[in-house]
């Protein structure tokens with residue numbers, strides 16, 4: 001019995017995949033919306049922000065999980081926040097050193113990764129309870145899911161709003177860009193549209209299952 | 001059972017361990033941050049210097065980047081202070097560019113004014129010989145993308161041509177401009193001190209020239225006073 | 001109007017670049033607490049209060065950090081300051097006015113994870129505002145947050161009675177509404193441009 005307690009469920013594909021689709025932080029849990037909407041006016045920014053968040057997520061999960069038996073319960077939130085803030089500061093310096101242009105485009109939103117509830121949520125609900133490898137794998141999945149969501153938003157907004165993708169023109173000179181899409185309202189509209197699409201898919205799937213059950217009952 | 005009892009009354013006995021853990025975490029994070037900051041600082045400084053240099057050379061036509069030198073100055077009512085790269089602590093607001101023989105080619109100055117959504121910041125080149133603005137780079141503009149943002153503005157050749165030779169001649173008494181820099185509606189430019197606005201981004205165009213005007217009104221009389229120092233690089 | 005003008009700073013944070021509708025800061029409470037008008041009002045008040053306190057604290061901390069050349073610790077210090085400011089506000093309100101505490105109490109812990117507070121502290125640092133400007137900026141940001149929350153709550157109260165398609169029920173329609181609201185607020189841009 002005691003063994004069972006020490007040996008939690010093994011790492012499966014689900015540990016990783018869950019974060020990408022079933023528990024997608026942006027589209028399903030509606031967390032971390034601030035960076036997801038604020039910096040996704042171009043695909044490049046979306047990728048930059050996604051990777052930065054992924055890095056912070058994985059590193060802080062690893063450290064939190066490593067220290068999980070040392071951190072007393074009363075000061076855990078404070079500890080997590082300090083750990084997260086450390087990695088965010090590192091990412092901030094790294095991006096600044098890698099690309100000045102990206103740094104200027106993302107601005108204060110790199111530092112605002114600290115307040116991204118996805119990361120604190122992972123630390124609190126997963127990394128503090130699981131082994132290092134498992135938390136890292138899970139954090140990686142969530143991070144990829146977050147980047148994927150940002151890409152979904154960023155690509156749509158860039159294509160519609162400026163007629164380009166990664167800076168390359170798509171439609172030629174005659175295209176009149178739908179400017180509002182790269183402006184703040186566009187962020188709200190695009191995420192609203194994605195959510196509509198997802199809930200439509202979900203409803204269709206449910207209806208199909210219902211129908212199958214009905215036919216099964218009719219024939220059986 | 002004993003574990004349960006302990007976890008129910010933890011605050012008092014664990015206060016030392018709380019402090020210890022927080023101290024440990026603070027140390028780890030401090031160490032990491034300091035290491036990264038130390039490592040990236042020179043890279044960032046170098047990149048920023050390059051970016052500014054590029055912008056400064058861009059606003060002064062005819063610069064050969066390989067041989068030209070840029071010198072930063074802080075200019076105010078109190079006088080002109082030369083800032084060296086290493087020792088410079090003051091805020092530089094004037095960048096003089098010299099050719100290989102040490103002669104002044106032009107001066108780059110900063111300007112800013114409230115645009116449509118946020119402040120529009122620019123860097124412009126001033127040629128004391130013709131007393132005119134000879135180049136302009138938009139450092140930051142977040143106004144309506146596709147109309148008043150940095151790339152669209154700089155891509156609009158017709159608009160940028162305004163700043164190839166915009167007159168900012170000083171008045172007789174050397175205390176202000178003879179004609180204030182002003183924006184006129186698209187297609188109605190008559191004087192060499194006027195800026196032909198972009199139709200569709202009038203507020204942004206107006207912000208640019210207002211920023212130029214403010215900066216020029218303040219800085220150019222001061223530059224005229226110190227021109228003999230600025231003229232030769234020594 | 002000058003960019004450093006106090007009136008402009010207030011208007012800028014209040015409506016031109018509204019924290020929620022233009023910077024997407026504080027979206028979690030914006031969607032979570034805007035179902036009813038009176039909770040929205042209380043949440044707005046609590047946030048405004050914390051914003052004022054933490055903005056002033058952040059100003060002080062930043063001054064210290066710059067003094068000792070420790071800017072790389074800024075983020076870590078800010079987040080610690082905000083967390084303690086929230087605690088402090090909670091304790092103070094509890095002591096001074098238990099009635100107010102009952103109204104705001106449950107919202108205060110939520111505010112710690114509100115990125116609008118940290119965003120405010122970071123923006124004021126980047127814009128290099130002085131003490132008075134920080135005060136005005138945070139007041140404007142808080143007022144703007146409250147305004148956006150109230151408007152959204154008003155819309156959602158009406159929405160409860162509307163017959164929307166089943167797939168758009170819940171968050172999707174809220175985002176669409178927020179988009180329209182944000183579009184409306186863009187009309188305020190250009191204020192102070194003359």
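The values are calculated or read from the model by the stated rules, or taken from the named source; none is laboratory data. Note that the coordinates shown come from a computational prediction; the quantities given were computed from them, not determined experimentally. Every residue, glycine as well, gets a Cβ built from its backbone with ideal geometry; the counts of neighbours run over all protein chains shown.
Here are a few things to note about the model shown:
- The residue pairs whose first member lies in region A:66-94 and is touching a residue at least 60 places away in the same chain (Cβ under 8 Å), whose second member is in a helix (DSSP H, G or I) and surrounded by fewer than 21 Cβ atoms within 10 Å (Cβ to Cβ), and whose beta carbons are closer than 7 Å, counting only pairs six or more residues apart or on different chains, are A:66/A:132.
- Qualifying residue in region C:54-66 (condition: within 14 Å of chain B (Cβ to nearest Cβ), out of contact with any helix residue (DSSP H, G or I) (no Cβ under 8 Å at 6 or more places or on another chain) and surrounded by fewer than 19 Cβ atoms within 10 Å (Cβ to Cβ)): yes
- Test for residue C:86: is it out of contact with any strand residue (DSSP E or B) (no Cβ under 6 Å at 6 or more places or on another chain) and closer than 22 Å to residue C:55 by Cα: yes
- Scanning region A:164-191 for residues being crowded, with 17+ Cβ neighbours inside 10 Å and within 28 Å of residue A:20 (Cα to Cα) gives a total of 11.
- Within region C:35-47, one or more residues are out of contact with any strand residue (DSSP E or B) (no Cβ under 6 Å at 6 or more places or on another chain), at pLDDT below 85, more than 12 Å from every other protein chain (Cβ to nearest Cβ) and not in a helix (DSSP H, G or I).
- You will find that of C:44, C:32, C:26, the residue that is more than 17 Å from residue C:121 (Cβ to Cβ), in contact with a helix residue (DSSP H, G or I) (Cβ under 9 Å, 6 or more places away or on another chain) and crowded, with 20+ Cβ neighbours inside 10 Å is C:44 and no other.
- Residue in region A:96-117 that is under 15 Å from residue A:19 (Cα atoms) and in contact with a helix residue (DSSP H, G or I) (Cβ under 9 Å, 6 or more places away or on another chain) present: yes
- Verdict on residue B:30 being more than 7 Å from every other protein chain (Cβ to nearest Cβ), surrounded by 15 or more Cβ atoms within 10 Å (Cβ to Cβ) and at pLDDT 80 or above: yes
- Scanning region B:125-177 for residues that are under 26 Å from residue C:126 (Cα atoms), touching a strand residue (DSSP E or B) at 6+ places or on another chain (Cβ under 8 Å) and without any contact (Cβ under 8 Å) to a residue 12 or more places away in the chain returns a single hit, B:149.
- None of C:147, C:151, C:118, C:132 is surrounded by fewer than 22 Cβ atoms within 10 Å (Cβ to Cβ) and within 14 Å of chain A (Cβ to nearest Cβ) except C:151.
- Scanning region C:154-174 for residues that are in contact (Cβ under 8 Å) with a residue 40 or more places away in the chain and either within 13 Å of chain A (Cβ to nearest Cβ) or on the phi > 0 side of the Ramachandran plot (or both) turns up C:171, C:174.
- Looking across region A:97-115, the residues that are closer than 16 Å to residue A:44 by Cβ and more than 10 Å from chain C (Cβ to nearest Cβ) come down to A:98, A:99, A:100, A:101, A:102, A:103, A:104, A:105, A:106.
- Within region B:133-145, not a single residue is at pLDDT below 80, part of a strand (DSSP E or B) and more than 14 Å from chain A (Cβ to nearest Cβ).
- Residue within region B:208-230 that is at pLDDT below 80 and surrounded by fewer than 16 Cβ atoms within 10 Å (Cβ to Cβ) present: no
- Counted residues, region C:67-104 - those being within 24 Å of residue A:79 (Cβ to Cβ) and within 14 Å of chain B (Cβ to nearest Cβ): 13
- Applying the criterion of being within 14 Å of chain C (Cβ to nearest Cβ) and part of a loop (DSSP other than H, G, I, E, B) to the residues of region B:199-231, the residue that is nearest to residue B:124 (Cα to Cα) is B:201.
- Filtering region A:127-169 to residues that are within 13 Å of another protein chain (Cβ to nearest Cβ), without any contact (Cβ under 8 Å) to a residue 60 or more places away in the chain and in contact with a strand residue (DSSP E or B) (Cβ under 9 Å, 6 or more places away or on another chain) leaves only A:163.
Yes or no, residue by residue, for (1) closer than 23 Å to residue B:222 by Cβ; (2) within 14 Å of chain C (Cβ to nearest Cβ); (3) surrounded by fewer than 22 Cβ atoms within 10 Å (Cβ to Cβ):
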site	(1), (2), (3)
B:54	no, no, yes
B:59	yes, no, no
B:74	yes, no, yes
B:92	yes, no, yes
B:96	yes, no, no
B:107	yes, no, no
B:110	yes, yes, yes
B:118	no, yes, yes
B:129	yes, no, yes
